[in-house]
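All remarks here apply to the structure that follows.
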């Protein structure tokens, strides 16, 4: 227990941990503030204003079509060759019907909690996962490269216990940041919806769904933090984790994406990690193959689809953590420390 | 006296496709008795640090047996770790923490009372600089901090690898006094160093390692005596008698070297024999003094690492026990 408390102290004392956490929280705050500033409440005045703008645009369209029809008739009367600019029958030039110009086009952006909030949990998870990854990598990587790990093992010569305790301290620290941040995120967007949008139709089912998505976001943060920690421990340097991510992103994702596209694979996104992260957060991602035709009873072509669900993602995340963390533990046990 | 540290037949082999197989430790033995200050000497790459790392569980041995305070290690390391303080090689600490934070975290991890931190900071002379970040420290200050971290547990066995590295002359003297005081208080100290004069001054006993094997061990005086060459300097009342004296001694089987005003004799067990031989020839001795050897000369002789003019010795070129000089793919030292 003393080692666990010590590692928690060490984690919170590190400047990198503090700065990265602060940076991550500031980015999250900026997202909330940005959303607040770019959204507005839809009151009667705003709707009336939008209707006026729609009317104005309709009138503008009517004036323009009348001008064009007059020009068309003038050209026909003058015998000017029709170069395709006007139809043969000038009466065909008419303004669009009033109802085709929708009032909603002119409404200011508004934040509908029920519709928009679940989507905000994706960037929330992404930002905190990134913070968790680099903090996790640095926490163990700096210990290895500075010789701190060797010092610690002279005091606590149980390698696996030391590594596992460090990981437990990291995850505790991440949870201590991510959990209040999630609560603040919910509260922040509730306020945004209250003052700059709508909180209508937010039923208990909506809360439950949002809560479960938030829970998955927290789990993703912890999983990614663990991966950063384990990769840096495997390479015994922070750069190993960061380099590994760059390699996976450049070679494994961009390169693979291009290759799969060139090879004409049916659902290339099914091989890319971000798809699974998105599926984890959104419960399901439906991929579409536009080079196929599934005919409907109305004779319409629909693309072939392939669903990636959060269950698929959970298997991938579990296997990824098991392989990387298992390797880190095995290497910790086997390799000499010099 | 009971042994605090015992190593028997310790082996560590490094295998590399490119560099072949190298025996960093090749059946190494060592014994340190309680309450001693024990010097652990060896040329660069001879296996000193590998031995200490293996002893402390940082490196997995390929064979041999080790005990600390009567417990087999590495299996029993969790039991004895609280009684062993160690610094291995150059001191390494997280650069952005202060010395106090560094020690406080170690103390906390090892269930050591926090007031011990101030005690050891005082002991190594870092009390007034304890609040500064380690990255601002000089090598000597980091060395002091490393010693402080090793002392934090108030250990029964203290292992110091090059503790005087980077210390100024005053610091070296302080370290010497500290080491002696710790030994007097009952602590056993294993001291690895290349400052052989210091070792000779401080240590009760020594072990000398070369190419992963022990080449000498025992109390310092005994090691010096065993490896003194029996050199004796002889002066006569009349310098003109030196050729006659040299002739008489040579005929008696004594090896000697002539100098302008004296003779240097080698391999003389009993100097009285020389006096008698010369007196029988009517030659009278004015000075007969055994030439004392120091640890440095013994070390250079045993490890065959004395510099030779015009030659550049490589780190693996030292002596293996038995006297055969060795180098090549199966030599020891790499990775030490």
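The values are calculated or read from the model by the stated rules, or taken from the named source; none is laboratory data. Since the model is a prediction, treat every value here as computed from it, not as a measurement. Cβ atoms come from the backbone with ideal geometry, glycine included; neighbour counts cover every protein chain shown.
Here's a check for you: in the stretch A:307-338, which residue that is in a helix (DSSP H, G or I) and within 14 Å of chain B (Cβ to nearest Cβ) is surrounded by the fewest Cβ atoms within 10 Å (Cβ to Cβ)?
Out of the qualifying residues, it is A:334.
Just to be sure, is residue A:295 at pLDDT below 80, surrounded by fewer than 17 Cβ atoms within 10 Å (Cβ to Cβ) and either more than 20 Å from residue A:167 (Cα to Cα) or within 14 Å of chain B (Cβ to nearest Cβ) (or both)?
So residue A:295 passes the test.
Identify, please: which residue in the stretch A:163-188 is crowded, with 20+ Cβ neighbours inside 10 Å and either out of contact with any helix residue (DSSP H, G or I) (no Cβ under 6 Å at 6 or more places or on another chain) or closer than 22 Å to residue B:81 by Cα (or both) and is, among those, farthest from the other protein chains (Cβ to nearest Cβ)?
A:181
Considering every residue within the stretch B:152-170, establish whether at least one is in a helix (DSSP H, G or I), in contact with a helix residue (DSSP H, G or I) (Cβ under 6 Å, 6 or more places away or on another chain), surrounded by fewer than 21 Cβ atoms within 10 Å (Cβ to Cβ) and at pLDDT below 85.
No, the conditions are met nowhere in the stretch B:152-170.
Does residue A:69 qualify as being within 14 Å of another protein chain (Cβ to nearest Cβ) and more than 18 Å from residue A:98 (Cα to Cα)?
no
Conditions tested, residue by residue: (1) under 30 Å from residue A:190 (Cα atoms); (2) touching a helix residue (DSSP H, G or I) at 6+ places or on another chain (Cβ under 7 Å).
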{"site": "A:11", "(1), (2)": "no, yes"}
{"site": "A:15", "(1), (2)": "no, no"}
{"site": "A:34", "(1), (2)": "yes, no"}
{"site": "A:48", "(1), (2)": "yes, no"}
{"site": "A:74", "(1), (2)": "no, no"}
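Please work out which one of (1) surrounded by fewer than 19 Cβ atoms within 10 Å (Cβ to Cβ); (2) touching a helix residue (DSSP H, G or I) at 6+ places or on another chain (Cβ under 6 Å) is the condition residue A:262 fails and give its number.
Only one criterion is unmet by residue A:262, namely (2).
So that you can scan it fast, the table gives a plain yes or no per residue for (1) within 14 Å of residue A:146 (Cβ to Cβ); (2) at pLDDT below 90; (3) facing another protein chain (nearest Cβ under 9 Å):
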| site | (1), (2), (3) |
| --- | --- |
| B:90 | yes, yes, yes |
| B:94 | yes, yes, yes |
| B:100 | no, no, no |
| B:109 | no, yes, yes |
| B:117 | no, no, no |
| B:120 | no, no, no |
| B:141 | no, yes, no |
| B:147 | no, yes, no |
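Take the residues of the stretch A:9-38 that are assigned to a helix (DSSP H, G or I) and at the interface with chain B (Cβ under 10 Å from one of its Cβ atoms): which is surrounded by the fewest Cβ atoms within 10 Å (Cβ to Cβ)?
It comes out as A:15.
So that you can scan it fast, the table gives a plain yes or no per residue for (1) loosely packed, with under 12 Cβ neighbours inside 10 Å; (2) in contact (Cβ under 8 Å) with a residue 40 or more places away in the chain:
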position: A:84; (1), (2): yes, no
position: A:89; (1), (2): yes, no
position: A:93; (1), (2): no, no
position: A:99; (1), (2): yes, no
position: A:103; (1), (2): no, yes
position: A:106; (1), (2): no, yes
position: A:109; (1), (2): no, yes
position: A:129; (1), (2): no, yes
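Got a sec? Which strands (runs of 3 or more DSSP E) wholly within the stretch B:1-111 have at least 3 residues that are more than 16 Å from residue B:161 (Cβ to Cβ) and without any contact (Cβ under 8 Å) to a residue 24 or more places away in the chain?
Where strands (runs of 3 or more DSSP E) fall fully within the stretch B:1-111 and carry at least 3 residues being more than 16 Å from residue B:161 (Cβ to Cβ) and without any contact (Cβ under 8 Å) to a residue 24 or more places away in the chain, they are B:71-73.
Report, by residue number, each residue of the stretch B:174-190 that is closer than 22 Å to residue B:137 by Cβ and either in contact with a strand residue (DSSP E or B) (Cβ under 7 Å, 6 or more places away or on another chain) or not in a helix (DSSP H, G or I) (or both).
Within the stretch B:174-190, B:179 is the sole residue that qualifies.
The rows are residues; the columns are (1) under 28 Å from residue B:197 (Cα atoms); (2) out of contact with any strand residue (DSSP E or B) (no Cβ under 8 Å at 6 or more places or on another chain).
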{"residue": "B:80", "(1), (2)": "no, no"}
{"residue": "B:87", "(1), (2)": "yes, no"}
{"residue": "B:96", "(1), (2)": "no, no"}
{"residue": "B:114", "(1), (2)": "no, yes"}
{"residue": "B:118", "(1), (2)": "no, yes"}
{"residue": "B:121", "(1), (2)": "yes, yes"}
{"residue": "B:155", "(1), (2)": "yes, no"}
{"residue": "B:161", "(1), (2)": "yes, no"}
{"residue": "B:172", "(1), (2)": "yes, yes"}
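Which fully enclosed helices (runs of 4 or more DSSP H) of the stretch B:226-309 have 2 or more residues being without any contact (Cβ under 8 Å) to a residue 24 or more places away in the chain and in contact with a strand residue (DSSP E or B) (Cβ under 7 Å, 6 or more places away or on another chain)?
B:242-251
With respect to residue A:99, determine if the residue is modelled with pLDDT of 85 or more, within 41 Å of the chain's Cα centre (by Cα) and part of a helix (DSSP H, G or I).
In short, yes.
Go through (1) touching a strand residue (DSSP E or B) at 6+ places or on another chain (Cβ under 8 Å); (2) at pLDDT 90 or above one by one and return the number of the condition residue A:305 breaks.
(2)
Confirm whether residue B:127 is within 17 Å of residue A:148 (Cα to Cα) and away from chain A (no Cβ under 13 Å).
For residue B:127, the condition - within 17 Å of residue A:148 (Cα to Cα) and away from chain A (no Cβ under 13 Å) - is not met.
So which of A:81, A:157, A:108, A:87 ends up being closer than 30 Å to residue B:103 by Cβ and not in a helix (DSSP H, G or I)?
The unique qualifying residue is A:157.
With respect to the numbered conditions (1) surrounded by fewer than 17 Cβ atoms within 10 Å (Cβ to Cβ); (2) outside any helix (DSSP H, G or I); (3) at pLDDT 85 or above, which one is the sole condition not fulfilled by residue A:274?
For residue A:274, the exception is condition (2).
Which of the residues spanning the stretch B:122-139 are surrounded by fewer than 16 Cβ atoms within 10 Å (Cβ to Cβ), modelled with pLDDT of 90 or more and in a loop (DSSP other than H, G, I, E, B)?
B:131, B:132
Quick check: is even one residue across the stretch A:195-204 more than 14 Å from chain B (Cβ to nearest Cβ), within 26 Å of the chain's Cα centre (by Cα) and either at pLDDT 95 or above or under 30 Å from residue B:111 (Cβ atoms) (or both)?
Among the residues of the stretch A:195-204, not one is more than 14 Å from chain B (Cβ to nearest Cβ), within 26 Å of the chain's Cα centre (by Cα) and either at pLDDT 95 or above or under 30 Å from residue B:111 (Cβ atoms) (or both), which makes the answer no.
Mind listing whichever residues of the stretch B:42-62 are at pLDDT 90 or above and at positive phi?
B:57
One residue is enough: does the stretch B:48-67 have a residue meeting the conditions under 25 Å from residue B:303 (Cα atoms), surrounded by fewer than 21 Cβ atoms within 10 Å (Cβ to Cβ), over 18 Å from the mean Cα position of the chain (by Cα) and within 13 Å of chain A (Cβ to nearest Cβ)?
For the stretch B:48-67, residues under 25 Å from residue B:303 (Cα atoms), surrounded by fewer than 21 Cβ atoms within 10 Å (Cβ to Cβ), over 18 Å from the mean Cα position of the chain (by Cα) and within 13 Å of chain A (Cβ to nearest Cβ): present.
Out of the residues in the stretch B:68-88 that are modelled with pLDDT of 90 or more and in contact with a helix residue (DSSP H, G or I) (Cβ under 6 Å, 6 or more places away or on another chain), state the one that is nearest to the other protein chains (Cβ to nearest Cβ).
Per the criteria, the residue is B:86.
Answer yes or no: is there a residue in the stretch A:139-156 that is surrounded by fewer than 20 Cβ atoms within 10 Å (Cβ to Cβ), closer than 19 Å to residue A:215 by Cβ and either more than 29 Å from the chain's Cα centre (by Cα) or at pLDDT 90 or above (or both).
no
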